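Inspection log for the structure reproduced underneath, given as C-alpha cells.
The values are calculated or read from the model by the stated rules, or taken from the named source; none is laboratory data. Predicted, not measured: the structure shown is a model, and the values here were computed from it. No Cβ is skipped: glycine too gets one built from the backbone with ideal geometry, and neighbour counts run over all protein chains shown. Accessible surface is based on the protein model in full, side chains and every heavy atom, while ligands, DNA and RNA are left aside. Shrake-Rupley method; radii C 1.70, N 1.55, O 1.52, S 1.80 Å.
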Amino acid sequence: VDELGSARELADLAATIRAADRLGIVVSQLELALDRAPQRVEEAHRAVSSVRTRLQAARTRATSADEALSDLLREFHADSSADIVDNERKSRADLDRADSLLQQASTASREGRPEAALEFANEARSIISPAEALIDSAGNRLSLLRSIRADPGQRERDVRFQVRDAQRLVVDRGLQSEWGTVLDAQAGRIDRIVAELHGRHPNYWKYHLGLGEVSEFVAGIVTRIRKV
C-alpha cells in the first residue's frame, strides 16, 4: 500500500501498475494464510502430540537397549560391541535435546504461533530418528550375532556361492586373465576368515565384517564386468 501510494503521488503510471499488481499478489497470499490459519493451528497440535508420543516410546525402548547391550557383552567377544558401547549415552543426550525442542514447540503452540511450533516439532523429530537407531543398535547387533552363532556356515556358503557365480561370469565373458586371479584370491581370503573363527568366544563380528568385505568387493567386480 505504501509503494502504491508513493507511485500515485509521483504520478508514475508504470510504478503504479507494478505496485498495484504486487498489492494484489500480497493480498491473495494474506487471504490464503488467513484461510489456512485454523488448519495450521490444528496441524501444530497434532505434530506436537505425535512427536511427544514418539519421544516417550523412544525413552521406553532405551531401557531395553541396556539389557541388550548387557547380553551382548556377556555372550560375545568384546570387539563385537566396542563401536556401539557408548550409543546409549549418545541416544539419551539426543532425546534430551529433542525434549527441549518439544517443550519450545508446546509453548509456541499455546501462544498461537503454529509455524514456530511446527518448526520446533519437526526439528525434534529429526533428532529422534537417529537416536532411535542408536537405541536399536545393541538389539540389532545381538540378533545378528546370535543368528550367525546358530549357523556360522550359512554366511560362509552364501559368500562362497557369490564368488563362484562371479567366476562363472568371468569365464563366460572370457575375462579370466583380468579377473580370474583376483577372484581366486577372494576364495583364499574366505578360507583365512573362517580359520580365525575359533576359541571359547569366537569373534563372530569380525567374521561377519570380513565376509561382508569380500561380498562387497566381489559385487563391485561383477558390476564392473556387466558394464563392459
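At a glance:
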{"quantity": "Residues (closer than 24 Å to L209 by Cβ and surrounded by 15 or more Cβ atoms within 10 Å (Cβ to Cβ)) located in the range 59-70", "calculated": "A65, A68, L69"}
{"quantity": "Some residue of the range 106-114 being open to solvent by 90 Å² or more (accessible area, probe 1.4 Å), part of a helix (DSSP H, G or I) and aliphatic (A, V, I, L, M)", "calculated": "no"}
{"quantity": "All positions within the range 133-181 that are among the hydroxyl-bearing types (S, T, Y), open to solvent by 40 Å² or more (accessible area, probe 1.4 Å) and farther than 13 Å from H208 by Cβ", "calculated": "S177, T181"}
{"quantity": "Residue match in the range 90-112 (condition: closer than 30 Å to D2 by Cα and either of a type in the set (S, T, N, Q) or at pLDDT below 90 (or both))", "calculated": "yes"}
{"quantity": "Which listed residue, of R40, R74, R46, is closer than 13 Å to L142 by Cβ and in a helix (DSSP H, G or I)", "calculated": "R74"}
{"quantity": "Close pairs (9 angstrom Cβ cut-off, 6 or more residues apart or separate chains): closer than 15 Å to D158 by Cα and among the basic types (K, R) in the range 170-198, surrounded by 13 or more Cβ atoms within 10 Å (Cβ to Cβ) and at pLDDT below 95 anywhere", "calculated": "none"}
{"quantity": "Tally, over the range 115-130, of residues that are more than 13 Å from S49 (Cα to Cα), surrounded by 18 or more Cβ atoms within 10 Å (Cβ to Cβ) and over 18 Å from the mean Cα position of the chain (by Cα)", "calculated": "0"}
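Yes/no matrix, rows are residues, columns are (1) without any contact (Cβ under 8 Å) to a residue 24 or more places away in the chain; (2) under 34 Å from the mean Cα position of the chain (by Cα):
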residue: R8; (1), (2): yes, no
residue: I25; (1), (2): yes, no
residue: E42; (1), (2): yes, yes
residue: Q56; (1), (2): yes, yes
residue: E67; (1), (2): yes, yes
residue: F76; (1), (2): no, yes
residue: D86; (1), (2): yes, yes
residue: S91; (1), (2): no, yes
residue: L95; (1), (2): no, yes
